[in-house]
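Before any comments, here is the structure.
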Amino acid sequence: MRSLLNAVILLISACWLASPAVAEQLVDLYKVQTLVTSQAAAERERAATEALARLLVRVTGDPKIAENAELQPYMKRAQNYVLQFGYARTEATLTQEDGTQVPATALNFSFSEVAINKLLRKLKLPIWPYNRPGLLVWLVEDQWQGGRTLLRDADTQQALREQALTRGLPLMFPIWDLEDQMAISAEQLWSFDQDALRTASARYQPDVIVVGRYSRTSSGELRGVWEWIDGDDSDLLDAKGDSLQALAAPMVDKIANTLAARYAIQPGQDDGLQLVMQVQGVKAFDRYRKILSYLEQHEALRDVQLVQVEGDSLWLNLYPEADLAHLQRAFQLDRKLSPLPTLVPADGSPTNPLMFEWAGE
């Protein structure tokens, strides 16, 4: 009996330890779904232009990018950038000009990442790379008689994911298991208790913590407040809407605008910049290969040159597409290179190189 009890305890413990955090949403920036009323070529052409406009907002981080005058000739030829498309059934409807509702069909586009990024570089427009800060979202509803409750149902999460997708933001949600419930309560979430929020969120390792609180009016309108914590900074935003997506829209836009300004690359901004970098702790060929592969594929770098191998250190010349501050933020977000302490802030010059240790797998 004792051995059976121990086995059960071990099994329960293993399940608790193995409980994964809810993973970040994998955002495919180059896939867009639109709604159409027919499969006619003219309708597909119109939908492709609309889809490209939405995609460019995600990829550049600029909500008004589709109004750029230089892009207009390319917007008219949006289908040139489509790799493939397909139709799918949907229960959605579209409103005609006369106000009537007609059945809609989903039209899914897959655009060419290579062609889109080549176009943006050609026009020297911003590119916000795939690797983006992950947002952990806590959402609390005041249900009056039911009290304040953390929402974690699939419909709520899907509504928030769909809104975040408009700007290409990856979301994750708390499991709300015993560990979460011991770390923070719905009342602490409602009061935006930052100390408790940071403690409860630490296990998920988010880049940005988002907490929303709202209630419904007698007319069904949602009214609430969003707070997000970004490092040592935090901000608040009032919001209202007739749906969760409408409630989340201003929060998503403000966070996306802030993060895009920090991480988006402006091609041609620093064409002549060259930085010297030393990477220490390269004790095996496999690690050497991973470091070079990581840097050569990095979207913030135009070129990488290996200068020399000295003991367990690599010396490299970097030719960035962004300024030094942007590049350092990108490295920090990737979590592949750990900066080494220096007496003075490294500026990437030959006498004061950027110094890192490989932290990747």
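Our Cα-only numbers for segment 208-285 put the radius of gyration and Dmax at 20.4, 66 Å.
With all pairs of different C-alpha atoms in the average, the Kirkwood value for the hydrodynamic radius of segment 214-361 is 18.0 Å. Protection proxy ranking of 158-168, 80-90, 123-133, by the mean of other Cβ atoms within 10 Å over each peptide's residues and highest first, is 158-168, 123-133, 80-90.
I need the peptides 140-153, 186-199 ranked by packing, meaning the mean over residues of other C-beta atoms within 10 angstrom, with the highest value on top.
Highest mean packing first, the order is 186-199, 140-153.
Past 21 Å, Cα to Cα, is the threshold; run Lys124/Lys336; Lys31/Lys118; Lys64/Lys124; Lys290/Lys336; Lys31/Lys64 against it and keep the listed order.
Lys124/Lys336
Dipole magnitude for the chain: computed about the Cα centre from +1 point charges on Lys and Arg Cβ and -1 point charges on Asp and Glu Cβ, it is near 780 debye. When DSSP beta bridges are restricted to pairs lying wholly in the chain, around 80% turn out antiparallel.
Distances between placed amide hydrogens fall under 5 Å for Glu357 paired with Gln280, Ser338, Leu340, all partners being 5 or more residues away or on another chain.
Its Kirkwood hydrodynamic radius, worked out from the mean inverse distance over all distinct Cα pairs, puts the chain at 23.6 Å. Springs join every pair of Cα atoms under 10 Å in this Gaussian network model of the chain, and among Leu295, Leu275, Leu343 the largest mean-square fluctuation is at Leu343. Taking amide H positions as modeled 1.01 Å from N, with prolines and chain starts lacking one, the residues under 5 Å from Thr90 and 5 or more places away or on another chain are Ala106.
Taken one residue at a time, the phi angles of segment 202-214 give Karplus couplings (6.51, -1.76, 1.60, θ = phi - 60°) of 4, 5, 8, 6, x, 7, 9, 9, 10, 10, x, 9, 7 Hz. Gly and Pro are set to x. Between the listed residues Val57, Pro174, Pro206, the Cα displaced farthest toward the positive end of the dipole of the chain, a dipole computed from Cβ unit charges relative to the Cα centre, is found at Val57.
Label segment 286-361 by shape, choosing from rounded, prolate and oblate, from the square roots a ≥ b ≥ c of the eigenvalues of the Cα gyration tensor; if a/c is under 1.5 it is rounded, and otherwise prolate applies when a/b is larger than b/c, oblate when it is not. Cα axes put segment 286-361 in the rounded bin. Quickly estimate the mean residue ellipticity at 222 nm for the chain, helices only: each DSSP H run with n ≥ 4 gives -39500 (n - 2.57), and the total goes over all residues, rounded to 500. Computed ellipticity for the chain at 222 nm equals -10500 deg cm²/dmol. Surface composition of the chain: carbon and sulfur make up 52 percent of the accessible area, probe 1.4 Å.
Partner aspartates and glutamates whose Cα lies under 18 Å from the Cα of Lys254, excluding those fewer than 8 positions away in the same chain, are identified as Asp62, Glu162, Asp207, Glu227, Asp230, Asp232, Asp233, Asp235, Asp238.
For segment 133-258, the per residue solvent-accessible surface stands at 45 Å², with DNA, RNA and ligands left out and a 1.4 Å probe.
Its Cα centre serving as origin, segment 279-361 has a Cβ charge dipole (Lys and Arg +1, Asp and Glu -1) of approximately 180 debye.
Projecting the Cα atoms of Ala246, Ala47, Phe331 onto the charge dipole of the chain (Cβ charges, centred on the Cα centre) puts Ala47 farthest toward the positive pole.
The values are calculated or read from the model by the stated rules, or taken from the named source; none is laboratory data. Since the structure is predicted, the reported quantities are computational estimates derived from the model, not experimental observations. All Cβ positions, even for glycine, are placed from backbone atoms using ideal geometry, and neighbour counts span all protein chains on display. Surface areas here come from the heavy atoms of the whole protein model, side chains and all, with no ligands, DNA or RNA. Shrake-Rupley method; radii C 1.70, N 1.55, O 1.52, S 1.80 Å.
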